[in-house]
Amino acid sequence: MPNPISVIIENQNSAGGVFITNEQSLLPPFETTKYVVEDQGNSSPSYVRSSLYCIPATADLLKTTALSITITVSPMARTVEGEYEPPIVNFGELGAIRCNRSKAQ
């Protein structure tokens, strides 16, 4: 079992600094890592974080592994110095985009 402190320090050294959101196959830094996000169209890990970053390809494989998939959404997460604020879109009279079936945003 790895020492959690050494894993956190190792992640800070390897993933600290600038995290670019559109690089494929790049795992986001740990929550404890200090990093600055360069937004290239995908959400910052500060706002949306998944419990799995390698999702099983079939339902049978997911059932066999018994892994749970969760998404943590933090829409009010604070930005750090050097990051841009997330863009705010105003649709005016149309209002927010909603699902046609459930009317959820």
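The values are calculated or read from the model by the stated rules, or taken from the named source; none is laboratory data. This is a predicted model, so every value here is computed, not measured. No Cβ is skipped: glycine too gets one built from the backbone with ideal geometry, and neighbour counts run over all protein chains shown. The protein model used for the area step is the full one, side chains on, heavy atoms only, and it has no ligands, DNA or RNA in it. Shrake-Rupley method; radii C 1.70, N 1.55, O 1.52, S 1.80 Å.
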Query raised in the report: Any residue in the stretch 39-53 that is on the phi < 0 side of the Ramachandran plot, under 13 Å from the mean Cα position of the chain (by Cα) and acidic (Asp, Glu)?
Result: yes
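Inside the stretch 45-71, can you point out the residues that are β-branched (Val, Ile, Thr) and touching a Ser or Thr at 6+ places or on another chain (Cβ under 8 Å)?
The answer is 48, 69, 70, 71.
It is to be established whether one or more residues within the stretch 78-89 are open to solvent by less than 80 Å² (accessible area, probe 1.4 Å) and either more than 23 Å from residue 18 (Cβ to Cβ) or not in a loop (DSSP other than H, G, I, E, B) (or both). Even if it seems obvious, please write down each step before you answer.
Initially, the stretch 78-89 is screened for residues open to solvent by less than 80 Å² (accessible area, probe 1.4 Å), giving 79-80, 82-83, 86.
Then keep just the ones that are either more than 23 Å from residue 18 (Cβ to Cβ) or not in a loop (DSSP other than H, G, I, E, B) (or both); that gives none.
Within the stretch 78-89 (the criterion being open to solvent by less than 80 Å² (accessible area, probe 1.4 Å) and either more than 23 Å from residue 18 (Cβ to Cβ) or not in a loop (DSSP other than H, G, I, E, B) (or both)), the answer is no, since none of the residues qualifies.
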Query raised in the report: In this structure, is residue 72 under 17 Å from residue 48 (Cβ atoms), outside any loop (DSSP other than H, G, I, E, B) and either touching a residue at least 12 places away in the same chain (Cβ under 8 Å) or open to solvent by less than 100 Å² (accessible area, probe 1.4 Å) (or both)?
Result: yes
Report summary line: Given the conditions (1) assigned to a loop (DSSP other than H, G, I, E, B); (2) on the phi < 0 side of the Ramachandran plot, every one holds for residue 25 apart from (2)
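Within the stretch 10-19, identify whether any single residue is part of a loop (DSSP other than H, G, I, E, B) and open to solvent by 80 Å² or more (accessible area, probe 1.4 Å), and answer yes or no.
So far as the stretch 10-19 goes, no, none of its residues is part of a loop (DSSP other than H, G, I, E, B) and open to solvent by 80 Å² or more (accessible area, probe 1.4 Å).
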